[in-house]
Structure formats: C-alpha cells, structure tokens
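A.B. asks: The following block contains the structure, expressed as structure tokens.
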Amino acid sequence: MTHEMRKTQAAARFCGLVRCGLVCCGLAFCGLLVTGCARQAVVGSSGTPGADASEATLRSDLDALDAAEQRFNAANDRYTNQLVELEFSPSPGVEVSIVQGDRRGYSAIAATGDSECAVFGGEARAPRSYVTQPGLVGCRR
C-alpha cells in the first residue's frame, strides 16, 4: 500500500468517526456514514488521492466547527468569530478562518494548499458562492 493510499484511508476513517460522533444514533447508521465518507475520500472530484483526502479533512473540520458554533450559540445567544472561544483546533495543515461570527450567524472557510471548503449558519451570508445551504459544507470544484 502506498503512502498516499494510507493517508486517504486515514482521512476517510477520521471523517467517518467525526461524523459519527456528531450525528449518529446507532452503529448501523454510523457504518453508512463511514462508507459514504470513505467513498468520497477515495473517488472525490479531483482524481488525485491527496486532494481528495484534503477535501475530506476540510469537510470534517468544518462539520466540527459548525457543531461547535451551534453549541456556542445555544450557550451564549450569539455566534463567535474566535476559534479559541469555540475551543476548536483545525487538523494539521488546515487553515480555518471565521469570516463572520455575531448574533445573526457565522461563516467560515477552511483551506489547504490544494482544496478549499466553506460553511455558514444562522442568518449569515455564505462566504463563497459554492456554499448554498446553512450548515452544509460546500467545496470548490
């Protein structure tokens, strides 16, 4: 197995575990999410395993950021633009920027050298045109 294949599989496992931790109610449902995530990481849109693993990591980080923003909003009646207030740390090699974080909503962008994804929530404006629904991560194609 090549180094790139191992990285892709690790990213797929990580993505599945994070999504299971945030969404799942049962192991069978988690299995479906892990399978879907692994397929995305391996097949992806760019045709290159490294870029696909990067996108899977970005999606996973932004899913976790969205959950942290929702928890923060529930506790403070506002969103934040400070990662430290969310107690959030992105994956190694990922740069996360919260573009907006206030009473109305939040928007954020995550990027690596070859991939970029974004998410928004509440009444915030989408930070990129490829993100169309609150709480759903979108990635540049």
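Read-outs: derived from the displayed coordinates by stated rules, not from any lab. Since the structure is predicted, the reported quantities are computational estimates derived from the model, not experimental observations. Cβ sites come from the backbone with ideal geometry, for glycine too, and all protein chains shown count toward neighbours.
A.B. asks: List, in order, the whole-Hz ³J(HN,Hα) value for each residue of segment 96-103 obtained from phi through the Karplus relation with A = 6.51, B = -1.76, C = 1.60 and θ = phi - 60°; use x for Gly and Pro.
C.D. replies: Running phi through 6.51 cos²θ - 1.76 cosθ + 1.60 with θ = phi - 60° gives 10, 10, 8, 6, 9, x, 8, 4 Hz.
A.B. asks: Under the 0.36 nm per residue contour assumption, what length would be gained going from the current alpha-carbon distance of residue 95 and residue 77 to full extension?
C.D. replies: 3.8 nm
A.B. asks: May I ask you to order 77-88, 96-107 by the average number of other C-beta atoms within 10 Å around their residues, highest value first?
C.D. replies: Those peptides, ordered most packed to least, come out 96-107, 77-88.
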